[in-house]
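Worksheet: one structure, shown below.
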Amino acid sequence: MTINVLFFGVAADITGKSKIEFTDVNDTDGLRKQLVEKYNTLEKSHFIFALNKQVVKENTKLSDGDTVAILPPFSGG
Amino acid sequence: MSDRKKHKVFIEGAITPQFIADSIAKHSTKKNIGAHDIFLGQVRNDMINGKEVRAIDYTTYQEMAEDVLHEIREATFAKFDLTCMHIYHSVGKINAGEISLFVFVSSAHRKMAFDACREIVERIKKEVPVWGKEIFEDETYEWKQNT
């Protein structure tokens, strides 16, 4: 199972990457745990998840081929 | 959702006064319009910890942003009686004093135009995945936070 994880804004700065593939993750809570373990300061960015371009606030099951974006607070306009 | 096509929103670089003037001029043939309302977002030279913001570098998650903007467009057309609506947002480095957001709505009467324009701008700020990196004179930067 492959989950494509995209990073934007300060999250891309923290990880130093715009995209990472995860293989061993079942849901968004699990992904959050793995991300924060690997990149300690990521939690402070107050990011939310978008699963296949839709914001998800509750823990959500992930499927092979899903794209999850890590979105820090927006600051457009 | 209607089948209204997705519109190009993101422009590389600043939105020029000429582009805005040309957009206004294009509406002279639509004679059922009685009111235009325009919002222009301009990059501000904030002072942060004693350093002046020289420019904002905007990035977006374009695929998602286009979906969200499409939904905002559809919902706003459904809620307000508008003749037309145009939304442009800059990506890349925009200097202080330059325009980075251009929202332009037209209606038969002013109230619809005022209300719709405000709602679009507020929704863009809150819902569209765009990030601004404030660049200081010494080339250091900080990620912008919308208030």
Distance from region A:8-69 to region B:47-115 (C-alpha centre basis), Å: 27
Percent of C-alpha pairs per 5 Å bin, chain A, short to long: 3, 17, 30, 29, 16, 4, 1, 0
C-alpha long axis of helix A:28-38 to longest principal axis of chain A, angle in °: 60
Averaged over B:121-130, number of beta-carbon atoms from partner chains that fall within 10 Å: 4
Considering only the protein assembly as shown, percent of DSSP beta bridges that pair antiparallel, nearest 5: 85
Lys, Arg +1 and Asp, Glu -1 on Cβ, resulting dipole of region A:2-71 about Cα centre, debye, nearest 20: 200
Sequence-distant residues sharing a close amide H with A:Ser75 (under 5 Å, placed H): B:Val130, B:Trp131, B:Gly132
Nearby lysines by direct alpha-carbon distance to B:Lys31 (threshold 28 angstrom, same-chain neighbours under 8 apart not counted): B:Lys5, B:Lys6, B:Lys8, B:Lys79, B:Lys111
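We did not get these values from a lab; they are worked out from the coordinates using the rules stated. In this text, all values refer to a predicted model and were calculated from it rather than measured experimentally. We place every Cβ from the backbone using ideal geometry, glycine too, and count neighbours over all the protein chains shown.
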